[in-house]
Amino acid sequence: MTYPLRLANGIGMHCQAPAAIRDEMACASFAADPWHVLQTNPNVEPRVLDGVLSAGFRAYFPQRLVRRRRYGRVEEVICALFPTYLLVAFNAATAPWGALLRLRDAKRFLGPQGAPAALREGEVERLMAMGRESDGVFDDAAPPFERGQQLRVMGGPFAAVPAICEWSTADRVGLLMSMFGRTFPVEMGRADVEKF
């Protein structure tokens with residue numbers, strides 16, 4: 001199963017969907033295969049990933065969602081979490097991993113003298129589980145609060161004042177606060193507020 005993604009460099013790619021990766025991880029035939037790190041040339045990870053998958057190996061390309069402001073608008077772009085690195089699962093004693101080094105733009109495996117060194121067991125699986133359920137992409141933005149939700153300011157002069165969420169975005173929150181028998185609006189950073 002594949003899904004399309006738009007990368008920061010503008011090229012499209014296809015990557016194995018996280019659900020499919022998790023299904024494969026449950027198969028006994030893959031249970032013993034450790035993960036290794038394959039280094040690539042810059043900005044060609046999707047092409048190398050396609051070659052690795054075509055060669056019959058399991059691979060994972062961790063990505064993250066980046067929000068940037070351009071021309072007054074917020075733009076969302078998917079970028080590599082670890083630029084120039086792919087994660088590939090195989091048994092180094094039996095798999096023909098040397099063929100992966102002959103792929104165009106594949107450079108080397110991380111390990112002593114170019115030989116693949118296995119990552120710790122469960123490390124990549126934990127990384128996969130931290131991505132979004134829908135597509136596996138890492139999204140650092142906290143979900144916005146709901147309107148009417150009771151919130152608490154974490155510090156400063158408003159720390160003890162009751163607050164109700166009026167509106168919320170990924171980085172700002174509009175609050176209605178009650179003080180001295182009066183209700184007034186306050187806007188502050190998303191990181192300064194938490195659920196009550």
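The values are calculated or read from the model by the stated rules, or taken from the named source; none is laboratory data. Quick caveat, the model's predicted, so the values are computed rather than measured. We place every Cβ from the backbone using ideal geometry, glycine too, and count neighbours over all the protein chains shown.
The conditions are (1) under 19 Å from Pro34 (Cα atoms); (2) not in a loop (DSSP other than H, G, I, E, B), and Ala95 fails exactly one of them. Which is it?
(2)
Considering Arg147, Arg104, which residue is surrounded by fewer than 16 Cβ atoms within 10 Å (Cβ to Cβ) and within 30 Å of Met188 (Cβ to Cβ)?
Exactly one residue qualifies, and that residue is Arg147.
Restricting attention to region 53-76, report how many residues are out of contact with any Leu (no Cβ under 6 Å at 6 or more places or on another chain) and under 25 Å from Ala118 (Cβ atoms).
Residues in region 53-76 being out of contact with any Leu (no Cβ under 6 Å at 6 or more places or on another chain) and under 25 Å from Ala118 (Cβ atoms): 6 in total.
Just one of the numbered conditions (1) of a type outside the set (A, V, I, L, M); (2) touching a Lys or Arg at 6+ places or on another chain (Cβ under 8 Å); (3) loosely packed, with under 15 Cβ neighbours inside 10 Å; (4) over 20 Å from Glu133 (Cα atoms) is not true of Glu76; which one?
Checking Glu76 against (1) of a type outside the set (A, V, I, L, M); (2) touching a Lys or Arg at 6+ places or on another chain (Cβ under 8 Å); (3) loosely packed, with under 15 Cβ neighbours inside 10 Å; (4) over 20 Å from Glu133 (Cα atoms), the one that fails is (4).
Conditions tested, residue by residue: (1) without any contact (Cβ under 8 Å) to a residue 40 or more places away in the chain; (2) hydroxyl-bearing (Ser, Thr, Tyr); (3) assigned by TED's automatic domain parsing to the domain that holds Asn41; (4) in contact with a Gly (Cβ under 9 Å, 6 or more places away or on another chain).
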position: Arg73; (1), (2), (3), (4): yes, no, yes, no
position: Ala89; (1), (2), (3), (4): no, no, yes, no
position: Trp97; (1), (2), (3), (4): no, no, yes, no
position: Leu101; (1), (2), (3), (4): yes, no, yes, yes
position: Ala106; (1), (2), (3), (4): no, no, yes, yes
position: Gly111; (1), (2), (3), (4): no, no, yes, no
position: Ala117; (1), (2), (3), (4): no, no, yes, yes
position: Glu125; (1), (2), (3), (4): no, no, yes, no
position: Asp139; (1), (2), (3), (4): no, no, no, yes
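Taking the condition at pLDDT below 90 and either among the hydrophobic types (A, V, I, L, M, F, W, C) or not assigned by TED's automatic domain parsing to the domain that holds Arg172 (or both), does Ala59 pass?
Criteria not met by Ala59.
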